[in-house]
Amino acid sequence: MRVATGCDVVDVARLAAVADRRAGFVDRVFTRAEVADCTRGGVALGSPTGRARLAARFAAKEAARKALGDLRLPFHAVEVRRDEVGAPRLHLRGRASDWSCSLSHDGGVALAVVVGLIDDPSDRVHDPT
Ligand SMILES: CC(C)(COP(=O)(O)OP(=O)(O)OC[C@H]1O[C@@H](n2cnc3c(N)ncnc32)[C@H](O)[C@@H]1OP(=O)(O)O)[C@@H](O)C(=O)NCCC(=O)NCCS
């Protein structure tokens, strides 16, 4: 096993423009639970806060792709949920995971870092020469 890390930054306005331009983009990329989290507290999805929350979750999906080494992982295969204190929890391929995720958004930029343990076959290759 080895520690795998992925990070990603997203320009909030850029992602919002794509979401505005492409019908169905939000549903294709984000799960219902993620949309519900982004609109919690009566926040509109198209508002600055809603857009920043969406962008942070988009960054988490890209960060998870990097960490897992699967750059074609479907968007819905990575889901960010919130725990009881509001911290992000990652569900991978439909199941709760013990992978770690942290989100931040400020100044028009959203960021995510994802860390987890990954099975690495190269670990098993031992060549002392
Ligand atoms: C949670 C906290 C660290 C977020 O920091 P922030 O600078 O306000 O906001 P950031 O953009 O960096 O981070 C926001 C993300 O933090 C994550 N987050 C929220 N609570 C968290 C927690 N307890 N642990 C880890 N991550 C948390 C969420 O993913 C959130 O993203 P979301 O709103 O899209 O769901 C901060 O609000 C805090 O310290 N809260 C506790 C004290 C408090 O309530 N202070 C009120 C202000 S005086």
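What follows is calculated from the coordinates using simple rules that are stated; it is not laboratory data. Note that the coordinates shown come from a computational prediction; the quantities given were computed from them, not determined experimentally. FYI the Cβ positions are ideal-geometry reconstructions off the backbone, even for glycines, and counts take in every protein chain you see.
Listed from fewest to most Cβ neighbours within 10 Å, the set Glu84, Glu79 follows the order Glu84, Glu79. With no solvent and one point on each alpha carbon, what is the Debye value of log10 I(q)/I(0) for the range 2-124 at q = 0.10, 0.14, 0.15, 0.23 Å⁻¹? Treating every Cα as an identical point scatterer, log10 I(q)/I(0) equals -0.29, -0.55, -0.63, -1.44. Taking the C-alpha atoms only, the angle from helix 48-68 to the longest principal axis of the chain is near 20 degrees. Taking the Cα of Val109, stepping 7 Å toward and past its beta carbon, and measuring to each backbone N in the range 1-23: which are under 15 Å? Hits in the range 1-23 for Val109 at 15 Å: 7-15.
Helix 12-21 and the long axis of the chain differ in direction by around 70°, with both axes built from C-alpha atoms. The sum of -39500 (n - 2.57) across all DSSP H runs of n ≥ 4, divided by the residue count of the chain, sets its helix-only mean residue ellipticity at 222 nm to -10000 deg cm²/dmol.
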